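Engineer: What follows is a structure written as C-alpha coordinates; I'll ask about it next.
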Amino acid sequence: MRQILTEYPEIEGAQIQFNYLDYESVSVESRKVYEVCRKHGKPVIIMEPLRGGRLVNLLPEKAKKCFEDYPVKRSAAEWGLRWLWDQESVTVVLSGMGEETMLRENLAVASAVHPGELGEAERELYTRVIRAINESVKVGCTGCGYCMPCPKGVDIPGSFRCLNEIAIEGI
(Lines give C-alpha, C1' and ligand atoms only; values in the text may rest on other atoms or scores of the structure.)
Protein backbone atom coordinates (compact mmCIF):
# COMPACT_ATOMS: atom_id res chain seq x y z
CA MET A 1 0.00 0.00 0.00
CA ARG A 2 2.85 2.35 0.82
CA GLN A 3 4.38 1.82 -2.61
CA ILE A 4 1.07 2.22 -4.40
CA LEU A 5 0.15 5.45 -2.62
CA THR A 6 3.66 6.83 -3.12
CA GLU A 7 3.73 6.04 -6.84
CA TYR A 8 0.12 7.05 -7.47
CA PRO A 9 -0.67 10.02 -5.20
CA GLU A 10 -3.76 10.78 -7.28
CA ILE A 11 -5.52 7.77 -5.72
CA GLU A 12 -8.38 9.27 -3.76
CA GLY A 13 -8.89 6.59 -1.12
CA ALA A 14 -8.46 2.96 -0.23
CA GLN A 15 -10.75 0.05 0.57
CA ILE A 16 -9.28 -2.19 3.23
CA GLN A 17 -10.28 -5.07 5.47
CA PHE A 18 -10.55 -3.51 8.91
CA ASN A 19 -12.20 -4.36 12.20
CA TYR A 20 -11.23 -4.50 15.85
CA LEU A 21 -10.07 -8.12 15.63
CA ASP A 22 -7.95 -7.70 12.50
CA TYR A 23 -6.39 -4.45 13.72
CA GLU A 24 -3.52 -6.27 15.43
CA SER A 25 -3.59 -9.41 13.28
CA VAL A 26 -0.22 -10.26 11.77
CA SER A 27 -1.84 -12.22 8.94
CA VAL A 28 -4.11 -9.37 7.84
CA GLU A 29 -1.97 -6.38 8.85
CA SER A 30 -4.98 -4.06 8.92
CA ARG A 31 -3.31 -1.65 11.29
CA LYS A 32 -0.24 -1.19 9.07
CA VAL A 33 -2.34 -0.65 5.95
CA TYR A 34 -4.66 1.76 7.77
CA GLU A 35 -1.71 3.78 9.12
CA VAL A 36 -0.20 4.04 5.63
CA CYS A 37 -3.51 5.39 4.33
CA ARG A 38 -3.65 7.91 7.18
CA LYS A 39 -0.06 9.00 6.59
CA HIS A 40 -0.91 9.68 2.94
CA GLY A 41 -4.11 11.50 3.92
CA LYS A 42 -6.36 9.02 2.15
CA PRO A 43 -9.90 8.33 3.29
CA VAL A 44 -10.52 4.70 4.12
CA ILE A 45 -13.44 2.55 3.00
CA ILE A 46 -13.97 -0.48 5.21
CA MET A 47 -14.78 -4.01 4.11
CA GLU A 48 -15.29 -6.91 6.50
CA PRO A 49 -16.28 -4.56 9.36
CA LEU A 50 -17.83 -7.44 11.30
CA ARG A 51 -15.78 -10.19 9.63
CA GLY A 52 -18.67 -11.44 7.56
CA GLY A 53 -20.89 -11.53 10.66
CA ARG A 54 -18.40 -13.57 12.68
CA LEU A 55 -17.93 -10.76 15.20
CA VAL A 56 -21.66 -11.00 15.82
CA ASN A 57 -22.84 -14.56 15.19
CA LEU A 58 -19.76 -16.62 16.01
CA LEU A 59 -18.36 -14.93 19.08
CA PRO A 60 -17.13 -17.42 21.67
CA GLU A 61 -19.12 -17.43 24.92
CA LYS A 62 -16.25 -15.80 26.79
CA ALA A 63 -16.23 -12.87 24.32
CA LYS A 64 -20.02 -12.52 24.50
CA LYS A 65 -19.75 -12.44 28.28
CA CYS A 66 -17.24 -9.56 28.10
CA PHE A 67 -19.77 -7.47 26.20
CA GLU A 68 -22.66 -8.61 28.41
CA ASP A 69 -20.79 -7.74 31.62
CA TYR A 70 -19.91 -4.24 30.48
CA PRO A 71 -22.12 -1.59 32.14
CA VAL A 72 -23.22 -0.08 28.80
CA LYS A 73 -25.43 -2.54 26.92
CA ARG A 74 -24.90 -2.75 23.16
CA SER A 75 -25.19 -5.48 20.57
CA ALA A 76 -22.00 -7.15 19.31
CA ALA A 77 -22.65 -5.49 15.93
CA GLU A 78 -22.85 -2.06 17.53
CA TRP A 79 -19.62 -2.65 19.45
CA GLY A 80 -17.89 -3.61 16.19
CA LEU A 81 -19.21 -0.63 14.28
CA ARG A 82 -18.50 1.82 17.11
CA TRP A 83 -14.84 0.78 17.08
CA LEU A 84 -14.63 1.50 13.34
CA TRP A 85 -16.34 4.87 13.48
CA ASP A 86 -13.96 5.86 16.28
CA GLN A 87 -11.07 5.73 13.78
CA GLU A 88 -10.08 9.05 12.19
CA SER A 89 -9.79 8.20 8.51
CA VAL A 90 -12.78 5.88 8.20
CA THR A 91 -15.26 7.43 5.79
CA VAL A 92 -17.40 4.51 4.60
CA VAL A 93 -18.21 1.17 6.23
CA LEU A 94 -19.45 -1.51 3.83
CA SER A 95 -21.50 -3.70 6.11
CA GLY A 96 -23.56 -6.56 4.74
CA MET A 97 -27.09 -6.30 6.03
CA GLY A 98 -29.90 -8.76 5.50
CA GLU A 99 -32.71 -7.07 7.44
CA GLU A 100 -34.10 -3.59 7.87
CA THR A 101 -33.30 -3.72 11.60
CA MET A 102 -29.61 -4.20 10.74
CA LEU A 103 -29.73 -1.21 8.42
CA ARG A 104 -31.33 0.93 11.12
CA GLU A 105 -28.73 -0.14 13.70
CA ASN A 106 -25.85 0.58 11.30
CA LEU A 107 -27.23 4.01 10.45
CA ALA A 108 -27.81 4.86 14.11
CA VAL A 109 -24.25 3.93 15.05
CA ALA A 110 -22.75 5.80 12.08
CA SER A 111 -24.76 8.90 13.03
CA ALA A 112 -23.90 8.78 16.72
CA VAL A 113 -20.19 7.95 16.87
CA HIS A 114 -17.32 10.30 16.10
CA PRO A 115 -13.56 9.66 15.93
CA GLY A 116 -11.76 9.63 19.25
CA GLU A 117 -14.82 9.04 21.44
CA LEU A 118 -13.81 5.68 22.87
CA GLY A 119 -12.57 5.88 26.41
CA GLU A 120 -9.92 3.80 28.15
CA ALA A 121 -12.49 1.43 29.69
CA GLU A 122 -13.98 0.70 26.26
CA ARG A 123 -10.54 0.10 24.76
CA GLU A 124 -9.81 -2.35 27.57
CA LEU A 125 -13.12 -4.09 26.78
CA TYR A 126 -12.05 -4.61 23.16
CA THR A 127 -8.73 -6.00 24.37
CA ARG A 128 -10.54 -8.55 26.57
CA VAL A 129 -12.90 -9.50 23.74
CA ILE A 130 -10.01 -9.94 21.28
CA ARG A 131 -8.15 -12.09 23.79
CA ALA A 132 -11.26 -14.25 24.32
CA ILE A 133 -11.74 -14.68 20.56
CA ASN A 134 -8.09 -15.49 19.92
CA GLU A 135 -8.13 -18.13 22.66
CA SER A 136 -10.83 -20.00 20.71
CA VAL A 137 -9.86 -19.44 17.08
CA LYS A 138 -7.59 -22.01 15.50
CA VAL A 139 -7.00 -20.25 12.16
CA GLY A 140 -7.24 -16.49 11.65
CA CYS A 141 -9.09 -16.71 8.34
CA THR A 142 -11.65 -14.01 7.52
CA GLY A 143 -13.28 -16.03 4.74
CA CYS A 144 -12.59 -13.31 2.17
CA GLY A 145 -11.78 -15.95 -0.48
CA TYR A 146 -8.62 -14.25 -1.78
CA CYS A 147 -6.89 -17.63 -1.56
CA MET A 148 -9.37 -19.11 -4.00
CA PRO A 149 -9.58 -20.90 -6.28
CA CYS A 150 -7.31 -23.52 -4.81
CA PRO A 151 -5.49 -25.43 -7.55
CA LYS A 152 -6.34 -28.68 -5.71
CA GLY A 153 -10.04 -27.81 -5.42
CA VAL A 154 -9.98 -27.37 -1.64
CA ASP A 155 -12.49 -24.95 -0.15
CA ILE A 156 -9.83 -23.29 2.01
CA PRO A 157 -12.03 -20.65 3.71
CA GLY A 158 -14.81 -23.20 4.27
CA SER A 159 -12.39 -25.66 5.83
CA PHE A 160 -10.95 -23.03 8.15
CA ARG A 161 -14.45 -21.80 9.02
CA CYS A 162 -15.49 -25.31 10.04
CA LEU A 163 -12.35 -25.81 12.11
CA ASN A 164 -12.91 -22.50 13.90
CA GLU A 165 -16.62 -23.16 14.46
CA ILE A 166 -15.77 -26.50 16.03
CA ALA A 167 -13.22 -24.82 18.29
CA ILE A 168 -15.52 -21.93 19.23
CA GLU A 169 -18.65 -23.99 19.78
CA GLY A 170 -16.80 -26.78 21.53
CA ILE A 171 -18.19 -29.50 19.27
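Engineer: Relative to the Cα centre, what is the charge dipole magnitude of the chain, using +1 at the beta carbon of each Lys and Arg, -1 at the beta carbon of each Asp and Glu, and rounding to the nearest 20 debye? Don't skip to the answer; put the middle values down first.
Structural biologist: On the way: 21 positive and 25 negative charges, 70 e Å.
Approximately 340 debye in magnitude.
Engineer: What's the carbon and sulfur percent of the chain's accessible surface, probe 1.4 angstrom, rounded to a whole number? Mind dumping the intermediate values first?
Structural biologist: Details: 5400 of 9930 Å².
Looking at the chain in its full context, I get 54 percent from C and S.
Engineer: Still on this structure, please answer the following. So, taking all protein chains as they sit and a 1.4 Å probe, how much accessible area belongs to GLU10, in Å² rounded to tens?
Structural biologist: 130 Å²
Engineer: Same structure again: Short version: what are the Cα gyration tensor semi-axes of segment 1-59, square root of 5 times each eigenvalue, largest first, in whole Å? Present the calculation step by step, with values, prior to reporting the outcome.
Structural biologist: Numbers: eigenvalues 121, 25, 11 Å².
Its equivalent ellipsoid spans semi-axes of 25, 11, 7 Å.
Engineer: Another question, if that's okay. Have a look at ASN19, TRP83, THR142 and report the one farthest towards the positive end of the charge dipole of the chain, computed about the Cα centre with Cβ charges (Lys/Arg +1, Asp/Glu -1).
Structural biologist: Value: THR142.
Engineer: Follow-up question, since we're still on this one. How big is Rg to Rh over segment 26-94, alpha-carbon atoms, Rh as the Kirkwood inverse-mean-distance radius? Let's see the in-between values first.
Structural biologist: Details: Rg = 13.7 Å, Rh = 13.4 Å.
Rg/Rh: 1.02.
Engineer: Which of the listed residues, HIS114, GLY41, THR127, is farthest toward the dipole's positive end in the chain, when Lys, Arg count +1 and Asp, Glu count -1 at the beta-carbon?
Structural biologist: About the Cα centre, the residue reaching furthest to the positive side is THR127.
Engineer: Right, next: If I model a spin label as a point 7 Å beyond the Cα along the Cα-Cβ vector, how far apart are those points for GLU99 and GLU135 in nm?
Structural biologist: 2.9 nm
Engineer: Separate question: Return the FRET efficiency for the residue pair GLU7, THR91: r is the Cβ-Cβ distance, R0 is 25 Å, and the value is rounded to the nearest 0.05.
Structural biologist: Details: r = 22 Å, r/R0 = 0.90.
Approximately 0.65, to the nearest 0.05.
Engineer: For segment 74-146 and segment 8-46, write down the distance between their C-alpha centroids in whole Å.
Structural biologist: Segment 74-146 and segment 8-46 have Cα centres separated by 15 Å.
Engineer: Take the Cα of ALA110, step 7 Å along the line toward its Cβ, and report every residue of segment 53-85 whose backbone nitrogen sits under 20 Å from that point.
Structural biologist: Residues 53-56, 75-85 qualify, since their backbone N sits under 20 Å from the label point.
Engineer: By how many nm would the segment from ARG128 to LYS39 grow when fully extended, if each residue of separation counts as 0.36 nm and the alpha-carbon distance is taken off? Walk me through the numbers on the way to the answer.
Structural biologist: Working: separation 89, 0.36 × 89 = 32.04 nm, distance 2.86 nm.
That works out to 29.2 nm of additional length.
Engineer: May I have the extent of the alpha carbons of the chain along their three principal axes, as whole Å values ordered from largest to smallest?
Structural biologist: That gives 50, 48, 31 Å along the principal axes, largest extent first.
Engineer: Can you give the accessible area per residue of segment 114-171, in Å², using a 1.4 Å probe? Show your work: numbers first, answer last.
Structural biologist: Numbers: 3660 Å² over 58 residues.
Accessible surface, normalised per residue, equals 63 Å².
Engineer: For the chain, which span is the longest to avoid every loop-located (per DSSP) member of trypsin sites (Lys or Arg not before Pro) having at most 16 other Cβ atoms inside 10 Å?
Structural biologist: Working: sites that count: LYS73, ARG74, LYS138, LYS152.
With a cap of 16 other Cβ atoms within 10 Å, the longest stretch comes to 1-72.
Engineer: Kindly state, to the nearest 0.05, the FRET efficiency for ARG74 paired with SER159, given R0 = 35 Å and r defined as their beta-carbon distance. Mind dumping the intermediate values first?
Structural biologist: Numbers: r = 33 Å, r/R0 = 0.93.
With a Förster radius of 35 Å, E is 0.60.
Engineer: Give me P(r) over segment 78-126, computed from all C-alpha to C-alpha distances, binned every 5 Å, as integer percentages.
Structural biologist: 4, 21, 32, 21, 15, 6, 1
Engineer: Towards the positive end of the charge dipole of the chain, with charges on Cβ (+1 Lys, Arg; -1 Asp, Glu), say which of LEU103, VAL92, PHE160 has the farthest Cα.
Structural biologist: PHE160
The values are calculated or read from the model by the stated rules, or taken from the named source; none is laboratory data. Just so it is clear, the model here is predicted, and its values are computed rather than measured. Virtual Cβ from ideal backbone geometry, glycine too; neighbours counted across all protein chains shown. Side chains are part of the model used for accessible areas, which takes the heavy atoms of the whole protein and leaves out ligands, DNA and RNA. Shrake-Rupley method; radii C 1.70, N 1.55, O 1.52, S 1.80 Å.
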